[in-house]
Amino acid sequence: MTHPVTLGGRPMMPPPGVPAEELLIARFRGHARRLFWSASVLIAVFGGAAYFYDNLPAPFENWMLLTAAGLVLLLIVVVPYALWLSRTCTVTTRRVIVKHGLGASHRREMSHARGYTIGVRRGILQRMWGVGTIILSNGVDAPLRIANVPNVTLVHETLADQIEVSQILAHRDAQAGADSFEDS
């Protein structure tokens with residue numbers, strides 16, 4: 001009788017024929033470098049509003065200054081931050097899930113077991129920030145593009161490992177199914 005390999009009392013690989021439990025490997029958002037200009041505008045607007053408050057020429061009033069500052073903050077700081085927060089990528093032991101959208105949520109998935117190619121693109125600025133764009137393509141569906149991935153090499157290696165493990169498990173299960181079919 002074979003005993004499953006365990007790590008801390010938890011099986012690392014399920015026995016043949018038993019579906020593997022889906023576990024969370026990583027959940028991340030795109031790199032926050034896109035929020036740099038929003039943060040700069042936030043500081044400038046607060047500094048400008050503090051300086052001009054009660055120091056405006058005669059026809060202008062403080063409520064006009066605060067309204068303009070609030071509008072600028074809403075459009076240039078809050079909206080980009082909300083868009084950044086709404087985009088997530090989740091890597092599990094079975095699939096990659098990319099979600100985005102504020103009002104209506106859009107979701108795309110790609111299964112490790114089906115296999116896919118992993119492309120990594122890194123421009124000069126992306127290399128400086130330690131990020132990159134990962135493109136996953138299975139040859140059937142439209143490529144899944146994940147932009148501004150932090151620690152792009154680590155994510156690339158993790159995805160490659162998950163494809164390999166999923167295909168090993170699928171092959172092992174297929175062999176176990178063929179062996180049990182021959183025995184009966």
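The values are calculated or read from the model by the stated rules, or taken from the named source; none is laboratory data. All values reported here derive from a predicted model rather than from experimental measurement. Backbone-built Cβ (ideal geometry, glycine too); neighbour counts: all protein chains shown. To get the accessible areas, we keep the full protein, side chains included, count just its heavy atoms, and leave off ligands, DNA and RNA. Shrake-Rupley method; radii C 1.70, N 1.55, O 1.52, S 1.80 Å.
Using the rule -39500 (n - 2.57) for each DSSP H run of four or more residues, divided by the residues of the chain, the 222 nm mean residue ellipticity is -13500 deg cm²/dmol.
Taking the Cα centre of the chain as reference, the dipole from Cβ charges on Lys and Arg (+1) and Asp and Glu (-1) amounts to some 580 debye. What is the percent carbon and sulfur in the accessible area of the stretch 9-160, measuring with a 1.4 Å probe over the protein chains and ignoring ligands? Using a 1.4 Å probe with all protein chains present, the stretch 9-160 comes out at 65 percent carbon and sulfur. Using a simple spin-label model with pseudo-atoms 7 Å out from Cα toward Cβ, HIS156 and ARG108 lie 1.9 nm apart.
Axis of helix 36-52 versus longest Cα principal axis of the chain: the two differ by about 20°, to the nearest ten degrees. Which of PHE60, LEU85, MET110 sits farthest toward the positive end of the charge dipole of the chain, with +1 on the Cβ of Lys and Arg and -1 on the Cβ of Asp and Glu? Result: PHE60.
Its residues counted as N, the chain yields a C-alpha radius of gyration over 2.2 N^0.38 Å of 1.56.
Looking at the chain, the accessible area is 68 square angstrom per residue; that uses a 1.4 Å probe and ignores ligands, DNA and RNA.
The equivalent ellipsoid that matches the C-alpha gyration tensor of the stretch 100-184 spans semi-axes of 34, 17, 10 angstrom, in descending order.
Per residue, the convex hull spanned by the Cα atoms of the stretch 123-171 amounts to 74 cubic angstrom.
Rounded, prolate or oblate: which one fits the stretch 92-140, using the alpha carbon gyration tensor with axes a ≥ b ≥ c (rounded when a/c is under 1.5, else prolate when a/b beats b/c, else oblate)? Oblate shape, in that a/c is at least 1.5 and b/c is the bigger or equal ratio. Projected over every direction and averaged, the convex hull enclosing the alpha-carbon atoms of the stretch 58-153 yields 9.6 nm².
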